[in-house]
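Since the structure comes first, as structure tokens, the remarks are kept for the end.
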Amino acid sequence: MIAFYLLLVGTITLIFQTTLMKLFEFHEIAPDLSLIFIVWTGLTYGPFAGLLSGFFVGLVFDVYAYPQFLGAGMLVKSSMGYFVGLADDHVIRLDWSTKVIILGICFFLHDLLYNLLIGMDSSSIREAMIQSTIPEAIYTILISTIIFNLYSRKVDA
């Protein structure tokens, strides 16, 4: 039942990411709902669920976004989901602010590793980090603060 629930939430997240988030873009900068979903899945259900959600989201991302780099998104997102899942809520009880910090770290690592895997040189990576990664990370962290805070209140109630 949990697998069906995660598949449903993941699919809805991807639909929102590819359609409705276009309405919330500022100068082509939008929050990364898929990474929020992967981190949430890993922290809530553990490393295996994080790995599978990362693989599913990465596969869709690779096919939809950049088919010439097929596999890079799957590898990075699956790894993020797995390693974040090692600190799941069953092992350590994390408050929403700690989850947001973990998401912020994952965001920067994700973009750095992905850019390295697709073969960007160091000057291009630096430029991408300044122009794209930092603004998207800030936007994603703001959105995740709301999501994690609301979810933690629901769980605690």
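The values are calculated or read from the model by the stated rules, or taken from the named source; none is laboratory data. Remember, it's a predicted structure, so these values are computed and weren't measured experimentally. Backbone-built Cβ (ideal geometry, glycine too); neighbour counts: all protein chains shown. These accessible areas exclude ligands, DNA and RNA; they are computed on the full protein's heavy atoms, side chains included. Shrake-Rupley method; radii C 1.70, N 1.55, O 1.52, S 1.80 Å.
For ILE138, state whether it is open to solvent by 30 Å² or more (accessible area, probe 1.4 Å), among the aliphatic types (A, V, I, L, M), within 22 Å of GLU25 (Cα to Cα) and at pLDDT 90 or above.
yes
For segment 1-19, which positions are closer than 19 Å to ALA65 by Cβ and exposed (fewer than 11 other Cβ atoms within 10 Å of the Cβ)?
Of everything in segment 1-19, just one residue is closer than 19 Å to ALA65 by Cβ and exposed (fewer than 11 other Cβ atoms within 10 Å of the Cβ), namely THR19.
If you check ILE125, ILE118, which single one turns out to be under 22 Å from GLN68 (Cα atoms) and open to solvent by less than 20 Å² (accessible area, probe 1.4 Å)?
Going through ILE125, ILE118 in turn, the sole match is ILE125.
Here is a list of conditions, (1) touching a Ser or Thr at 6+ places or on another chain (Cβ under 8 Å); (2) within 16 Å of PHE148 (Cβ to Cβ); (3) in contact (Cβ under 8 Å) with a residue 60 or more places away in the chain, and TRP40 meets all of them except one; can you say which number that is?
TRP40 satisfies every listed condition except (1).
Given the structure, is PHE107 assigned to a helix (DSSP H, G or I), out of contact with any Pro (no Cβ under 8 Å at 6 or more places or on another chain) and modelled with pLDDT under 90?
no
Has segment 13-29 got any residue that is closer than 19 Å to HIS110 by Cα, in contact with a helix residue (DSSP H, G or I) (Cβ under 7 Å, 6 or more places away or on another chain) and aromatic (Phe, Trp, Tyr)?
So far as segment 13-29 goes, no, none of its residues is closer than 19 Å to HIS110 by Cα, in contact with a helix residue (DSSP H, G or I) (Cβ under 7 Å, 6 or more places away or on another chain) and aromatic (Phe, Trp, Tyr).
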